[in-house]
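Just below is one structure, and these are the notes that go with it.
The values are calculated or read from the model by the stated rules, or taken from the named source; none is laboratory data. Everything numeric in this text was worked out from a predicted model, so none of it was measured. Here the Cβ is made from the backbone with ideal geometry for all residues, glycine too, and neighbour counts use every protein chain on show.
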Amino acid sequence: MAFDPINDCPTNAPTNDAPTLNQLADRFRRFAQQECCDSSPLYDQLSRMVAQDNDLLAIAGCAQAGQPAANLFFAAVQFLLFQNPDDSLARHFPSLSTFATSRDDLSTDFRNFCFSRKDDLKDLLRTKLVQTNEVRRSACLLPVLQMIYEETNGQPLYLIDIGASAGLNLLFDRYHFDYGQDQTFGDSESPVQIYCQSRGRALPLSATFPQVASRVAIDLNPLDVHKQDDVLWLKALIWPEHDERRKLLDAAVLVAKHYPIRHVQGDGVALLPALLNEALPDTRLCIIHSFTINQMAPQAVQNFQNAMRQFSKRRSLYCVAISCKDGASSNLGLSCYQNGAESKNILAKCSDHGTWIEWL
């Protein structure tokens, strides 16, 4: 699986070739210029620094093939820093210090931290994946899931999330949503309070939430909210300045500890037919994924679509997807599979992190 470092948006071009130091340097520079400049001043500064340091690039080069090196490298650093909050580097990170600022000695502190924990960093880079569980994307999924629920006369949803990470978006019906303009939905007492700006047309939402019969999360490496290291890794994937995203993650983890999700480890395409066969006949089959299909090789995408077409000869199903569009927005799409055929519509544009949605 390969990721385009631009906009943290994966591509359909997996590769097993290890990047050269020059290629890595280019990736860190692009990461700074096109992702961090307006979102993370700290990672912007660090990315430019790493791009000029072959020793740090050599460590970053230990990332698994296809992983976005800059995202993974900084997540690994922050993960270790969470475990060592007394290190001098912590004072530069807003996620660890209220008074964090970019100081002249950032470079020294960062290099010292990385080289003193070089072996730990390399181990994390070789074993971990970038699998951010962006809870706010639930606000984009909700209108489509509710539309499916109402169009099928209120049949409970059998949900399968492919590339689910910790599966937190499967618990959308336990959250509260505020789309602005007096459009609020869900459990007002939920610890998860999500604001997502609604643009353009009114969203097709009603006060009745979809009923969920089953929640299945598939991932190559499922993350368990009951495991401290897994939760810490989810936090490490959030950029240091993004305090609101961390708070949402903490709240969603709290909810997930009380409402279990079925986690299945493995390849979603290979596992899909068997999981669909398990669904009770009085449920509506619905597959969801966000920024997952972009990570698949072209043949895997074809196999995924063929599996849904083939299954739909026996029973219809839906697939809801958030996927890369451009640097400014993503697409929210709905595919309906019935009698071996697919019909697909783009229903909305949305931000990658779910901060706004524009219904089309």
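Numbers below:
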item	result
Given (1) modelled with pLDDT under 95; (2) in contact with a Leu (Cβ under 8 Å, 6 or more places away or on another chain), index of the condition Arg91 fails	(2)
Pairs where the first residue, in the stretch 74-93, is under 18 Å from Thr132 (Cβ atoms) and the second is basic (Lys, Arg) and surrounded by fewer than 20 Cβ atoms within 10 Å (Cβ to Cβ), C-beta under 7 Å, 6+ apart	Ala76/Lys128; Phe82/Lys235
Test: Phe99 is closer than 26 Å to Arg245 by Cβ, outside the structural domain of Gln265 (by TED's automatic domain parsing), of a type outside the set (D, E, K, R) and surrounded by fewer than 20 Cβ atoms within 10 Å (Cβ to Cβ)	yes
Test: residue in the stretch 192-200 that is modelled with pLDDT of 95 or more, within 30 Å of Pro85 (Cα to Cα) and out of contact with any strand residue (DSSP E or B) (no Cβ under 8 Å at 6 or more places or on another chain)	no
Every pair of residues 6+ apart whose Cβ atoms lie under 9 Å, when the first sits in the stretch 158-180 and is in the same structural domain as Pro143 (by TED's automatic domain parsing) and without any contact (Cβ under 8 Å) to a residue 40 or more places away in the chain while the second is surrounded by fewer than 22 Cβ atoms within 10 Å (Cβ to Cβ) and aliphatic (A, V, I, L, M)	Phe172/Val212; Asp173/Val212; Phe177/Leu205
Given (1) part of a strand (DSSP E or B); (2) surrounded by 19 or more Cβ atoms within 10 Å (Cβ to Cβ), number of the condition Val225 does not satisfy	(1)
Complete set of residues in the stretch 236-290 that are among the hydrophobic types (A, V, I, L, M, F, W, C) and in a loop (DSSP other than H, G, I, E, B)	Leu237, Ile238, Trp239, Ile261, Ala279, Leu280
Within the stretch 101-128, considering residues that are under 20 Å from Ala70 (Cβ atoms) and outside any helix (DSSP H, G or I), the one modelled with the lowest pLDDT	Ser102
Odd one out for Ala307, checked against (1) part of a loop (DSSP other than H, G, I, E, B); (2) free of Cβ contacts under 8 Å to residues at least 40 places away in the same chain; (3) in contact with a helix residue (DSSP H, G or I) (Cβ under 6 Å, 6 or more places away or on another chain); (4) not polar (S, T, N, Q)	(1)
Every residue from the stretch 49-81 that is polar (S, T, N, Q) and in a helix (DSSP H, G or I)	Asn54, Asn71, Gln78
Qualifying positions in the stretch 149-167 - crowded, with 20+ Cβ neighbours inside 10 Å and either part of a strand (DSSP E or B) or of a type in the set (Val, Ile, Thr) (or both)	Leu157, Tyr158, Leu159, Ile160, Asp161, Ile162
Subset of the stretch 136-157 (residues that are in contact with a helix residue (DSSP H, G or I) (Cβ under 8 Å, 6 or more places away or on another chain) and under 15 Å from Arg215 (Cβ atoms))	Ser138, Leu141, Leu142, Leu145, Leu157
Matching residues, the stretch 308-360, being in contact with a Leu (Cβ under 7 Å, 6 or more places away or on another chain) and small (Gly, Ala, Ser)	Gly333, Ala348
Those residues of the stretch 278-328 which are charged (D, E, K, R) and either within 19 Å of Glu150 (Cα to Cα) or under 23 Å from the mean Cα position of the chain (by Cα) (or both), in sequence order	Asp282, Arg284, Arg315, Lys325, Asp326
Close pairs from the stretch 328-357: first within 18 Å of Leu142 (Cβ to Cβ), partner aromatic (Phe, Trp, Tyr) and part of a loop (DSSP other than H, G, I, E, B), Cβ under 9 Å, at least 6 apart	Ser330/Phe291; Asp352/Phe291; Ile357/Tyr179
Qualifying residue in the stretch 50-63 (condition: surrounded by fewer than 21 Cβ atoms within 10 Å (Cβ to Cβ), touching a helix residue (DSSP H, G or I) at 6+ places or on another chain (Cβ under 8 Å), closer than 16 Å to Pro240 by Cβ and not charged (D, E, K, R))	no
Among (1) more than 19 Å from Gln67 (Cα to Cα); (2) surrounded by 19 or more Cβ atoms within 10 Å (Cβ to Cβ) - the single one His242 does not satisfy	(2)
Every residue from the stretch 153-185 that is hydroxyl-bearing (Ser, Thr, Tyr) and under 24 Å from Phe304 (Cα atoms)	Tyr158, Ser165
In the stretch 182-240, residue farthest from Ser39 (Cα to Cα) [restricted to those that are hydroxyl-bearing (Ser, Thr, Tyr) and in contact with a Lys or Arg (Cβ under 9 Å, 6 or more places away or on another chain)]	Ser214
Residue in the stretch 58-67 that is of a type in the set (A, V, I, L, M, F, W, C), out of contact with any Phe, Trp or Tyr (no Cβ under 9 Å at 6 or more places or on another chain) and modelled with pLDDT under 95 present	yes
